[in-house]
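This report concerns only the one structure given below.
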Amino acid sequence: MRVNAAAPDLDVDEILADRAIRIVVCCGSGGVGKTTTAAALALRAAEEHGRRTVVLTIDPARRLAQALGLTELDNTPRQVKGLQPDSAELHAMMLDMKRTFDEVVLAHTEPKKAEEIFANPFYQAMSSTFSGTQEYMAMEKLGQLRARDEWDLIVVDTPPSRSALDFLDAPARLSRFLDGKMLRLLLAPARAGGRSVFNLVSASFGLFSRTVTKILGAQLLSDLSGFVGALDSMFGGFRERAEQTYRVLQAPETAFLVVAAPEPDAVREAVYFAGRLAADRMPLAGLVLNRVVPVAAPRLSADDARAAAARLDEMGGHPSTADVLRVHAELAELHDRQAEVAGRFLHAHPGVPVVRIPAQPADVHDLDGLRAIGSTFE
Ligand SMILES: Nc1ncnc2c1ncn2[C@@H]1O[C@H](COP(=O)(O)OP(=O)(O)OP(=O)(O)O)[C@@H](O)[C@H]1O
Ligand SMILES: [Mg+2]
């Protein structure tokens with residue numbers, strides 16, 4: 001579907017067919033269609049290109065999760081049923097943040113130490129609520145899947161962050177957090193408005209540590225230092241793996257697709273993100289413009305359609321034809337507005353190829369819906 005003739009077309013099938021490409025990452029701001037796009041790409045790679053594919057989804061809508069056979073949050077890829085042909089192989093998994101975190105701990109510490117960490121209230125709070133943890137864990141999981149080398153292609157959905165950049169920033173932020181600075185952070189006075197357990201704790205520590213020791217007791221302090229000590233043994237590991245995954249993301253085996261809806265905020269976010277990818281030397285394959293309003297007769301302008309409808313009204317009769325013309329006029333205008341908004345991306349990043357996915361008549365929640373989206377990649 002073409003909106004703006006100036007942008008080169010993104011050939012998605014070429015990417016999916018390219019055996020040298022092993023990872024496709026779908027990123028973009030919240031609600032633009034990352035999960036849907038990732039699932040549609042993965043299904044197409046498996047069905048049309050015969051690639052053994054795994055899709056890592058994050059918080060898919062319930063019905064889509066069901067269609068992919070994701071009824072359990074168990075952090076392991078499961079084969080999706082109902083593919084055509086039968087021999088096509090797609091595996092899907094849903095990221096379970098807490099469990100991934102636990103797996104990392106288990107893999108890098110003695111079982112006894114791991115038990116202590118799991119039991120620690122600070123670990124429990126952090127592994128499920130620390131902001132950026134989900135982004136970090138998506139990275140971590142991607143690293144694990146890639147290391148297993150079991151799939152021809154890994155398609156990665158990214159978390160519903162406010163900002164698409166969070167995905168790339170999280171590993172650095174988390175490893176900084178887990179770094180030696182952590183203790184200092186815990187002991188420093190809290191910044192105003194912080195809500196995390198750590199800020200609460202740090203507020204208490206910085207300002208009234210003696211009182212706190214009395215009130216909260218030695219148990220809390222030993223929990224805290226136990227936690228810090230235990231994580232301490234893993235700091236290097238965290239950072240090293242984050243750096244490794246970063247390097248994989250920079251390699252030519254990876255293709256980033258920035259997903260955006262043709263709306264000002266989403267496009268602005270996509271512009272930033274594409275800039276960031278370039279700065280980090282990560283390979284941007286193109287922009288996926290999702291939910292583009294389709295127009296049946298692109299050469300009939302809104303004005304002409306309205307004039308024709310008015311003329312029909314004057315002549316009497318044909319009321320439904322006049323209605324159709326008016327609906328067309330509205331769609332054509334919306335289409336033009338969307339093209340104008342999308343043009344901002346192309347202006348900021350000329351030469352980046354674009355593919356448009358038409359808005360579907362209903363939400364996409366089954367394999368056929370994903371195939372319909374995939375067919376626009378032809
Ligand atoms: N082209 C489309 N046509 C119609 N509906 C769509 C289209 N793309 C996505 N949707 C619907 O929009 C909703 C949001 O899509 P999706 O969950 O893929 O977005 P997301 O970017 O992953 O959101 P989040 O940031 O919350 O993770 C879903 O209900 C999905 O079915
Ligand atoms: Mg999503």
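Pairs please, first residue from the range 16-35 and touching a residue at least 40 places away in the same chain (Cβ under 8 Å) and under 17 Å from Glu263 (Cβ atoms), second anywhere and away from ligand 2 (no atom under 11 Å from the Cβ) and among the aromatic types (Phe, Trp, Tyr), Cβ atoms under 9 Å, 6+ apart in sequence or on different chains.
Close Cβ pairs (under 9 Å, with a partner that is away from ligand 2 (no atom under 11 Å from the Cβ) and among the aromatic types (Phe, Trp, Tyr)) amount to Cys27/Phe167; Cys27/Phe256; Cys27/Phe273; Gly28/Phe273; Ser29/Phe273.
When you go through His347, His328 one by one, which is the residue that is over 15 Å from Leu10 (Cβ atoms) and open to solvent by 40 Å² or more (accessible area, probe 1.4 Å)?
His347
Checking the conditions here, which among Pro111, Pro85 is more than 25 Å from Ile21 (Cβ to Cβ) and modelled with pLDDT of 85 or more? Working first, answer last.
On the way: Pro85 fails: more than 25 Å from Ile21 (Cβ to Cβ).
The unique qualifying residue is Pro111.
Please find, among Leu43, Leu56, the residue that is open to solvent by less than 10 Å² (accessible area, probe 1.4 Å), under 19 Å from Lys141 (Cα atoms) and either among the aromatic types (Phe, Trp, Tyr) or in contact (Cβ under 8 Å) with a residue 12 or more places away in the chain (or both).
Result: Leu56 is the single residue among Leu43, Leu56 that is open to solvent by less than 10 Å² (accessible area, probe 1.4 Å), under 19 Å from Lys141 (Cα atoms) and either among the aromatic types (Phe, Trp, Tyr) or in contact (Cβ under 8 Å) with a residue 12 or more places away in the chain (or both).
What's the number of the condition Arg2 fails, among (1) within 15 Å of ligand 1 (Cβ to nearest atom); (2) modelled with pLDDT under 90?
Going through the list (1) within 15 Å of ligand 1 (Cβ to nearest atom); (2) modelled with pLDDT under 90, Arg2 breaks only (1).
Within the range 272-291, track down each residue that is of a type in the set (A, V, I, L, M, F, W, C), under 20 Å from His335 (Cα atoms) and out of contact with any Pro (no Cβ under 7 Å at 6 or more places or on another chain).
Result: Leu287, Val288.
Here is a list of conditions, (1) modelled with pLDDT of 80 or more; (2) open to solvent by 30 Å² or more (accessible area, probe 1.4 Å), and Arg241 meets all of them except one; can you say which number that is?
(1)
Of all residues in the range 354-373, how many are surrounded by 20 or more Cβ atoms within 10 Å (Cβ to Cβ) and part of a loop (DSSP other than H, G, I, E, B)?
Matching residues across the range 354-373 total 1.
Which residues, taken from the range 59-75, are more than 17 Å from Thr35 (Cα to Cα) and either touching a residue at least 24 places away in the same chain (Cβ under 8 Å) or open to solvent by less than 60 Å² (accessible area, probe 1.4 Å) (or both)?
Of everything in the range 59-75, just one residue is more than 17 Å from Thr35 (Cα to Cα) and either touching a residue at least 24 places away in the same chain (Cβ under 8 Å) or open to solvent by less than 60 Å² (accessible area, probe 1.4 Å) (or both), namely Asp74.
Among residues belonging to the range 88-103 that are over 21 Å from Gly30 (Cβ atoms) and open to solvent by 30 Å² or more (accessible area, probe 1.4 Å), point out the one that is modelled with the lowest pLDDT.
Lys98
For (1) under 18 Å from the mean Cα position of the chain (by Cα); (2) β-branched (Val, Ile, Thr), each residue gets a yes or a no:
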residue: Ile21; (1), (2): no, yes
residue: Arg52; (1), (2): no, no
residue: Thr57; (1), (2): yes, yes
residue: Gln66; (1), (2): no, no
residue: Gln84; (1), (2): no, no
residue: Glu89; (1), (2): no, no
residue: Glu110; (1), (2): no, no
residue: Ala114; (1), (2): no, no
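Of all residues in the range 3-37 being under 16 Å from Gln360 (Cβ atoms) and crowded, with 16+ Cβ neighbours inside 10 Å, which is nearest to ligand 2 (Cβ to nearest atom)?
My answer is Thr35.
Every residue in the range 263-298 that is open to solvent by 60 Å² or more (accessible area, probe 1.4 Å), part of a helix (DSSP H, G or I) and within 19 Å of Glu253 (Cα to Cα), please.
Ala278, Ala279
Against the conditions (1) over 27 Å from Gln250 (Cα atoms); (2) modelled with pLDDT under 95; (3) in contact with a strand residue (DSSP E or B) (Cβ under 6 Å, 6 or more places away or on another chain), where does Val80 fall short? Just the number, please.
Condition not satisfied by Val80: (2).
The values are calculated or read from the model by the stated rules, or taken from the named source; none is laboratory data. No experiment lies behind these values; they were computed from the predicted model shown. Backbone-built Cβ (ideal geometry, glycine too); neighbour counts: all protein chains shown. These area figures cover heavy atoms from the full protein model, side chains too; ligands, DNA and RNA do not enter into them. Shrake-Rupley method; radii C 1.70, N 1.55, O 1.52, S 1.80 Å.
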